[in-house]
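The values are calculated or read from the model by the stated rules, or taken from the named source; none is laboratory data. Since the model is a prediction, treat every value here as computed from it, not as a measurement. Reconstructed Cβ throughout: ideal geometry from the backbone, glycine too, with neighbour counts over all protein chains shown. Heads up: the accessible areas ignore ligands, DNA and RNA and are worked out on the full protein's heavy atoms, side chains in. Shrake-Rupley method; radii C 1.70, N 1.55, O 1.52, S 1.80 Å.
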Amino acid sequence: MSVANLYPVTEAFAAQALINQDKYKEMYQQSVINPEGFWREQGKRIDWFKPFERVKQTSFDDLHVDIKWYLGGTTNVSYNCLDRHLEARGDQVAIIWEGDEPDQHRHITYRELHEEVCKFSNALRGQGVNRGDVVTIYMPMIPEAAVAMLACTRIGAIHTVVFGGFSPEALAGRIADSESKVVITADEGVRGGKRVPLKANVDEALTNPSTHCVKQVLVVQRTGGQVPWHNHRDVWYHDVMKVASSHCAPKELDAEAPLFILYTSGSTGKPKGVLHTTGGYLVYASMTHEYVFDYKPGEVYWCTADVGWITGHSYMIYGPLANGATTLLYEGIPNYPDVSRIGQIIDKHQVNILYTAPTAIRAMMAEGKKAVEGSSGKSLRLLGSVGEPINPEAWHWYHETVGQSRCPIVDTWWQTETGGILISPLPGATALKPGSATRPFFGVQPALVDNLGNLIEGPAEGNLVILDSWPGQMRSVYGDHDRFVQTYFKTFKGMYFTGDGARRDEDGYYWITGRVDDVLNVSGHRMGTAEIESAMVAHKDVAEAAVVGFPHDIKGQGIYVYVTLNADVEASEALRQELRQWVRKEIGPIASPDVIQWAPGLPKTRSGKIMRRILRKIAVGEYSALGDISTLADPAVVQQLVDTHQGMQ
Ligand code: WTA
C-alpha cells in the first residue's frame, strides 16, 4: 500500500478522541476473548428497569438458530432516548429540524420532545393501539416521524416505517405483511419544492383488500393541502394531540420484545420484514454511534438518511437520542434549491459531524466547487459514509473539499439486518485507506470464505461472513422464521452470510466489493432484481424480464432491464416510457429502470435459469468477455442481444 493512500490518525484528533489505537486494540481483544464480560459491561450504557440475568444466548447453527441478548432484563427505548436525559439536559436541543425551504427550521428540546411523545403515546392508546400491535409509519422527514416512532416504543407497539417514496402498491404489501392496525402519515410531504401525496397514497393502498387490518389512519398536517377524508377511519394528529394527556409511563418491556420491522430487498421473493428487538439493538446503536462518530456531548450531528431506511433508524433517531445528542433532521434533498444546500445547512446549524452516502457525495462532486461555494464548513470535525462502497475519487473529493483535508472519514459498512455498523474505522484509532471500511467494530468477527464455505486466511478475496452474534443483529424475518434461517445461515453452515463480497488486504483491512447475490444497490438503496422483474412481468404486454445492474456515475449502480414482449406486441418508444411509469407505480421512483432493452429471447441454461453473467457483460458493452455460452439452450439469442445493444449506443 503506497503511503499516499494511507491517512494516519492525526495527533490532534487522537488526543481528543474517545478511542485511540491502543484502546481499540485492547477493547477489541477483550470483546472477542470474553464477549460475555465485554457486553455485560456495555449493557450498562442503557437504563434497565430490571437488570438482565444473562448476557447472551446465541447460536448460528442452522438447525437451531437462536439469537437473544440481555435475557431477563426489562427496559424501554423511549425512556432511554428521552426521560433519562431530562434532568441533565432537558433544555438541550434534541432535534434540529431543517425544512425543505431554506428559511424554515425548528428546534425541539429533550423536554419538548418528551412531552410530545407522551401525548402521542396516549393518543395512540386512545386509538386502540396496544403492546405488540404493528403500526405503519409513512411519513415525510418531519419531527412527527420521530415522535411517532418513539411513541410506539413507549407503549410497546412495533413500528414499521415505509419510505415515503414507495408507491401505494409497495406500501399495501408492507401493511398487509405486517398486519398493521394503524397507519401514521401526513397530508403531503415536501421534497425539493415538490409535494408528495402521502395521504392520497395511503388511501389508494387501503383500497387493496389485503389491508383490511388497518382500523385507523392518523394524519399530520404538513402542507394544509386538500386531502380526501374518511370520517370513520381518518383522524388528524393535531386533534388527538389537543386532548391527550402529557403523562404516560413508559411500558416495561422485555429485552427481546419486538421493537420494529423494516422491509428490505433480498435476492428472491418479496421484501423481507427484518425484525429488531429492544435491548440489544439499543445498546448496539448507542455504542456504535458514540464510538464510530466519536460523539461528545453538545455536538451537532447530522445524518442525511431518510427515516424510511435503517440508517435513519439507528443513526438519526435511536443511537443519537439514546446518547443525548443533538440530531439534525432535514426534510429535503441535497440539491434544492441548489447544490450548495448541504454546505449551507452545515454552516447554519454549525454541524460538527456529517454522515451521508456516496451517491450524495458524487452528485455534489459533479458540480465541482459549487457545492461548497458560499459556506465555510468550519464547524465540521468528522465525516461519515454509508450505503455502498465509496470510490476513491469520491472519497478524496469528500475529504478535501467538504472536510478541508482536516476531517477523518468513517466509511461504515453494515446492513438493515445488522442493526448497526459492523466494519468501520474508529476515527481516533484507525489509519484510513480511501475505499476501505477498514476494521471490525468491537465484538464483530468478520471472515472470508470461498464458495464452498472454507475459511480463507490472510490477504484474500471471498464471501463476507460474520462468525458470532452481536447485540444489534436482527432476530428473525417477521412472520417467517424459516426464511430467516434459509437466507442467512444455510449458505455457509454456522456463519451469518452477509450477501456481500470483500477483500482483505495485508494489513487486515476489509474492502467491500459489493453484493454477490442478485441485489442491486442504486443510490444506496437496496433493490432486488427479482422484485423489479416481477413488477415488469405484471404488465400486460410483457412476457419476460431480466434485470441486472451496471456501473452508474452518480447512483453507483443503475438498473438495466431486458424485456421480452408478448408475441403480438410491437416495441415502441411509447411502450418503453409506459413500462418505466409502470415500475414507478408498482414499486416507486427509486426502482425506475435506467435502460430498457428489447430482448426477443433471454440467454438461459437448458434448465431455464437466466444467465445474468452474460446480461451484465452485454449491458456494459463487453461483448468479448461473455465467457462460455455453449451451455445455453439457444446460444443465438446472445448475438441478437449484442446487436440490439450496439444499435442503442
Ligand atoms: C452495502 C445500509 C460498501 C452492502 C446500512 C450492504 C456498503 C448493503 C457500505 C446494505 C459500505 C452498506 N461500503 N458497501 N460502507 N454500507 N453497503 O440494508 O452491499 O440498505 O450489504 O443497509 O449496502 O444495505 P442496507
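Among the residues of the range 368-414, how many are near the ligand (Cβ under 10 Å from one of its atoms), open to solvent by 10 Å² or more (accessible area, probe 1.4 Å) and in a loop (DSSP other than H, G, I, E, B)? Going through the range 368-414 one residue at a time, the tally reaches 4.
Residue check: residue 463 meets all listed conditions (1) free of Cβ contacts under 8 Å to residues at least 60 places away in the same chain; (2) open to solvent by 10 Å² or more (accessible area, probe 1.4 Å); (3) outside any strand (DSSP E or B) but one, namely (3). Take the residues in the range 521-538 that are open to solvent by less than 10 Å² (accessible area, probe 1.4 Å) and within 11 Å of the ligand (Cβ to nearest atom); name whichever of them is farthest from residue 268 (Cα to Cα). That would be 522.
Restricting the range 484-510 to residues that are within 18 Å of residue 460 (Cα to Cα) and surrounded by fewer than 19 Cβ atoms within 10 Å (Cβ to Cβ), the residue that is farthest from the ligand (Cβ to nearest atom) is 506. The single condition among (1) away from the ligand (no atom under 16 Å from the Cβ); (2) in contact with a helix residue (DSSP H, G or I) (Cβ under 8 Å, 6 or more places away or on another chain); (3) open to solvent by less than 40 Å² (accessible area, probe 1.4 Å) that residue 233 does not satisfy is (2). Residues in the range 469-498 that are closer than 27 Å to residue 38 by Cβ and either touching a Gly at 6+ places or on another chain (Cβ under 8 Å) or of a type in the set (S, T, N, Q) (or both): 469, 470, 471, 472, 473, 474, 476, 492, 493, 495, 498. Looking only at the range 473-483, residues that are surrounded by 21 or more Cβ atoms within 10 Å (Cβ to Cβ), outside any strand (DSSP E or B) and away from the ligand (no atom under 15 Å from the Cβ) come to 2 in all. Kindly check whether there is at least one residue in the range 570-583 that is farther than 25 Å from residue 436 by Cβ and within 16 Å of the ligand (Cβ to nearest atom). No: the range 570-583 contains no residue that is farther than 25 Å from residue 436 by Cβ and within 16 Å of the ligand (Cβ to nearest atom).
A quick yes/no check of all residues on (1) within 23 Å of residue 94 (Cα to Cα); (2) open to solvent by less than 10 Å² (accessible area, probe 1.4 Å):
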| residue | (1), (2) |
| --- | --- |
| 149 | yes, yes |
| 165 | no, no |
| 180 | no, yes |
| 186 | yes, yes |
| 209 | no, no |
| 224 | no, no |
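Being under 19 Å from residue 271 (Cα atoms) and under 16 Å from the mean Cα position of the chain (by Cα) is the filter here; which residues of the range 127-173 pass it? 137, 138, 159, 160, 161, 162, 163, 164, 165, 166, listed by residue number. Got at least one residue in the range 313-331 being within 18 Å of the chain's Cα centre (by Cα), more than 16 Å from the ligand (Cβ to nearest atom) and open to solvent by 10 Å² or more (accessible area, probe 1.4 Å)? For the range 313-331, residues within 18 Å of the chain's Cα centre (by Cα), more than 16 Å from the ligand (Cβ to nearest atom) and open to solvent by 10 Å² or more (accessible area, probe 1.4 Å): present. Among the residues making up the range 421-441, those that are within 27 Å of residue 273 (Cα to Cα), of a type outside the set (A, V, I, L, M) and either without any contact (Cβ under 8 Å) to a residue 40 or more places away in the chain or more than 9 Å from the ligand (Cβ to nearest atom) (or both) are 440, 441. Of 548, 542, 537, all but one fail to be under 24 Å from the mean Cα position of the chain (by Cα) and closer than 22 Å to residue 618 by Cα; the exception is 548. Is it the case, given these coordinates, that residue 428 is out of contact with any Gly (no Cβ under 9 Å at 6 or more places or on another chain), assigned to a loop (DSSP other than H, G, I, E, B) and within 25 Å of residue 12 (Cα to Cα)? Yes, satisfied. Taking the range 106-122 as the region of interest, how many residues are out of contact with any helix residue (DSSP H, G or I) (no Cβ under 8 Å at 6 or more places or on another chain) and among the β-branched types (Val, Ile, Thr)? The number of residues fulfilling the criteria is 1. (1) open to solvent by less than 30 Å² (accessible area, probe 1.4 Å); (2) touching a strand residue (DSSP E or B) at 6+ places or on another chain (Cβ under 9 Å); (3) modelled with pLDDT of 95 or more: which one isn't true of residue 266, the others all being true? Status for residue 266: all satisfied but (3).
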